Structures are given as structure tokens and as C-alpha cells.
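Data first, discussion second: the structure below is written as C-alpha cells.
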Amino acid sequence: MLSNNLSKTYLCGGYLRLSKEDGDVAGSETLQSNSIENQKEYIEDYLQSKPEIKIVDFYVDDGYSGVNFDRPDFQRMLQDIKNKKIDCVIVKDLSRLGRNYIEVGKYIERLFPLLGVRFIAINDNFDSADDTAASNNIIIPFKNLINDAYCRDISIKIRSHLEVKRKRGEFIGAFAVYGYMRGKDKNKLIVDPYAAEIVKEIFGMKMDGMSQQAIADELNSLGILSPAEYKKEQGSGYKTVFQTHSKAKWTAMAVMRVLTNEIYVGTLIQGKESTPNYKVKVREKKPREEWIRIENAHEAIISRADFEIISDIIQKDTRVTAGKRAVSIYSGYLVCADCGCSMVRKKAYSGSFEYVYYVCSGNKKNKDTCSSHRISENALNLAVTKTLQLHLKHLADLQESILYIRKTSCNSDKIKMMVLQSEKIKGDIEKYNRLKLECYEDYKNELITQGEYLLFKKELDNRIEDTKKAATELSKKKRMLLDGRYEKESFMEKFLTSKDIELKRSLFVRFISQIYVYEDRRIEIIFRYQDEIEQLAGLVGEIKQETAVREVI
């Protein structure tokens, strides 16, 4: 027998929901039956046999998960219940209301009855106004539990699927990073010609010594759209919680994000954040070692060498002088050779004459610790210019030798030895892996003890590791000489042909890593990639000597 409440007229709200998971994972038949329009028609057909129920409004949450109830139209429906606009809620089935076992139970068993709301789930044959359907009151919690488990299962499948995509180097972000766009394959990034040029310009301005804020101001003055505005202009539905103005502008932080993003060297890093589980949607940062990092996942906009230089510059960055847009040439690079403190720039005036010099900052803090190590800027400029000229001449000679070796490499015994050594290393690794397998089989056949097996395994693992390191080093030497361009050649090339050097920040930071100033005004310059260049020069020298001996013979 039905409750007497069925004789009254109910003001009803139809609740419709479709999650992204339903659309992404479900088969075509399920997707069609769960579509918003079908849910609405289904409810309207059902209510034709319920004259006591009058539809007031439909509440639609399209693309929202059933795990939590922070959905806009669900919250609007609750507000209408509190405002007495509706006193009945109807859904196609319980899963449309939600898939959280505890929360769904709370609404059905406590909140709706407390507010005097009649609740109907058509497919589950549940009507809270039907007192005779006692069996349903027992079954409903189990159905909610199944819906909850379904959501958990879908969440695990989606997480696993996305993890596989990340490890394959596929881009799964909602929006392509500034400088790139999605290709025909939506999981592959391709270079955006316009934005990529802006990225290059940002790196160039930083190389010239400009601060992040100065770069942002320059971009804004030129009318260049910020990444957020550019995405909107391209037709994406991009939104961000960081935007504080109606039109987002370039900021120092936006510039910093560009300068520190490894995506511009072709490296795809994903999986930096995650949620604890399918019910908790608050994102948490994951440890760096758990990030998924794929090298050469897409075309690079910035060379690895330039990116490393910019990273170094950012670490050494000092404050830009008030009223200026860029730091001085030596900012962050001059260091006292005795105490390790930075050298600071000072000015002295004598009438109209300006004298610029550098002194040790440690001397200012404690004169007993270190002397001033004073050196004039003119003397410093002269010494650095001459040393840099010699260094560039050395690099030019080295490059010429490398080009010659590449042309005559087939006749070089050194190169032949490298090839043979590579083959031997490859054979050694295969041999050690085979021995590991044989040791394991001996252990399984009880020919050796577990302790002996672990000892042999450890020894073989160490040999494999050492051999792999040797292979990497040999491969690096071969690549520097034969396999195309030396990694650092590209940025050196345009300076090697220039006889006159103009000492400016961009040239300075490309070639110099640090300058040490001694008390007697001597300076020591540490050049970038100095160890690699010396190693390469040694290798070139060996091959030249070998060639000379062969010619004599």
C-alpha cells in the first residue's frame, strides 16, 4: 500500500548528470543511454504516469564526477529545496545522484527525509514515498556500494591508462605549453611558429642581462599577448585562478616559468602532481624522483647549452641597479679568490672623471678576514678581452681540427680502435648478463648457496655498471668527433669567425663560468665546458700525432 503522501502534489526537480569518465570509458551503448537528453526524456516519460508530480526545473551537471557533490547545479538544487521551490527529486538511477557510497546514503536516508523531500530513482525502483517497498530499503545501500566500487574501478583504469601514456612520452595536459601546440596526433606537441619566436626572444633578453620584470615590461610594451591571453585568442577555453586582471599581462613570474621550463629543450616532464585517491580531489605535489621524464619527446625550441647557461645565470642573478633594465656585465661572476665572497661594483668621482672598480664584499663585513682585492673595471675589461680572444682562437683551431678528422676518420687507427672497443664493451655487457643468468640457475638447482649467489650477482652488477660507464664515455668521444656536430659548437660558431670582440653580457655568459680575483690583481677565468674542451683537445692531439707518425712511416 502506498503512503497517503502520494495524494498530494509535488513540485519536482529532475537531476541529470554525466561525468567525463562516463564519456571517456563507457562503450557507445552506455554513453548513449546515459546522455543528458536521454535522461531527461526518460524522466519525462516516467512522470506521465505520475499526475501528482509537477516538474519545476531540470538541474544538469554535464561533465562532473559522481564522487563528490560540489557540483554547480546540484548545489543550486539544494538551495531550491531550502527555499521550498521543490520538494521532490527524481533521477534516472542512483548512480546519477552520485557514486560515493557514504554521501549518497547520507542524502537518501537523512538529509532528504529531514527536509521533507520525496526522492525517486526510476531504474532502481526506489520511491521514498512508497512505504511498502521495504525490500528496496535493504537493497539500496548495496546498489550504492556497487556504484562506489564502479567509480573506484574506473579511476584505477584511467590512472593506469594515463601513466602508460606519460611513459610513452605522450602529452596528456589539457593545454599545450606556450610555444607549442597540439599536432594531428593530439598527444604530440609541435612547435607554434609565432609563440616559439617569443620564447627565443625571452631567452635572448635574459642572456643580455635583463631582469625578469624588465623582460615582462618589454613584452607588454610591444603588445605581445601573455600565454593566458594567447591561448584564449587561439580559441581554447583556457582559464586560470592566478589571473587578477580582466586581461592578463606578462609578469616576472610568467617570464621565470618560461626560462625554467625544460619542455623548451624537448624534454617532457609529467606526473608532478596527483590526488591521493578517487574521492579526494585536492592535488598534491609528488617527489621529484617520481616524475615521469622523457628526453627528446618533441622538437626543441632552445638548445640544451643555452638552457644550461640561463639556469646558471638565474642562480647567479643579482639585483638590477635602480633605473636600469639589465645587470652589469660581471654581475654574479666575479668572486674573491681567497675568501669566496662576491666582488661588488663601486664608483669614485674626481670632478667629471668617473672611476669604476670592484672590491671584495667580505672585506666590508670583516676587514680582518680578507683584503679588498681592489681591481679597476678598465683593467678587468682588458684582461678578460685578451683572455677571451685567446680562448676563442683555441676553439676555432679545435673546430678546424675536428672538421679535418671527420673528413679523414676512415683512415684513423684511433677511430678504428674506438669502433673495436665499442664492440668489445657491448660483448662484455652481454657476457656479464649471461653469467648472472647462469648463477641464478645454479642457485635454483642448489649448486650454490643463496649467499654465494648474492655475492656473485653483486660483483657482476658492479662490472656491468662500470662497463656501461665506459661505454657512455667512449660513445661521447666518438660523437664529438664523428657523429654530427659537437653539442656545444652551435652557440660558439658565430663568435669563432669574429676577430673583434665586443665585451657584452651575452658573449660573457656564453663562454665564462666564473672569474676569480686575487689580491695582486691577477685574475683566473674558468670557461664553460672547460673539462669537455680539454678532453676533446687531448683526443684531437692523439689522432694528429698518430696521423703524423703514419705519414713518416
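The values are calculated or read from the model by the stated rules, or taken from the named source; none is laboratory data. Everything numeric here is computed off the predicted structure, so don't read it as measured data. Ideal geometry is used to build each Cβ from the backbone, glycine not excepted, and the neighbour counts take in all protein chains shown.
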Residues being at pLDDT below 85 and surrounded by 17 or more Cβ atoms within 10 Å (Cβ to Cβ) - total across the range 515-530: 2
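Being in contact with a helix residue (DSSP H, G or I) (Cβ under 8 Å, 6 or more places away or on another chain) and modelled with pLDDT under 85 is true for just one of I448, I512, I533. Which residue is that?
So the residue among I448, I512, I533 that is in contact with a helix residue (DSSP H, G or I) (Cβ under 8 Å, 6 or more places away or on another chain) and modelled with pLDDT under 85 is I533.
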Check on G105, assigned by TED's automatic domain parsing to the domain that holds Y42 and either at pLDDT 90 or above or within 36 Å of the chain's Cα centre (by Cα) (or both): no
The one condition in (1) touching a helix residue (DSSP H, G or I) at 6+ places or on another chain (Cβ under 7 Å); (2) surrounded by fewer than 21 Cβ atoms within 10 Å (Cβ to Cβ) that L97 fails to fulfil: (2)
Matching residues in the range 295-343 - criterion: being at pLDDT 85 or above, surrounded by fewer than 17 Cβ atoms within 10 Å (Cβ to Cβ) and of a type in the set (V, I, T): I314
Residue in the range 363-385 that is nearest to I526 (Cα to Cα), counting only those that are of a type in the set (V, I, T) and modelled with pLDDT of 85 or more: V384
When residues of the range 448-470 are limited to those that are part of a helix (DSSP H, G or I) and among the aliphatic types (A, V, I, L, M), the one nearest to K436 (Cα to Cα): L460
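Yes/no matrix, rows are residues, columns are (1) under 14 Å from S19 (Cα atoms); (2) over 45 Å from the mean Cα position of the chain (by Cα); (3) outside any loop (DSSP other than H, G, I, E, B):
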residue: D45; (1), (2), (3): no, yes, yes
residue: V56; (1), (2), (3): no, yes, yes
residue: D61; (1), (2), (3): yes, no, yes
residue: S65; (1), (2), (3): yes, no, no
residue: Q75; (1), (2), (3): no, no, yes
residue: Q79; (1), (2), (3): no, no, yes
residue: L111; (1), (2), (3): no, no, yes
residue: D124; (1), (2), (3): no, yes, no
A129 vs. criteria surrounded by fewer than 20 Cβ atoms within 10 Å (Cβ to Cβ), in the same structural domain as K50 (by TED's automatic domain parsing), touching a strand residue (DSSP E or B) at 6+ places or on another chain (Cβ under 7 Å) and small (G, A, S): yes
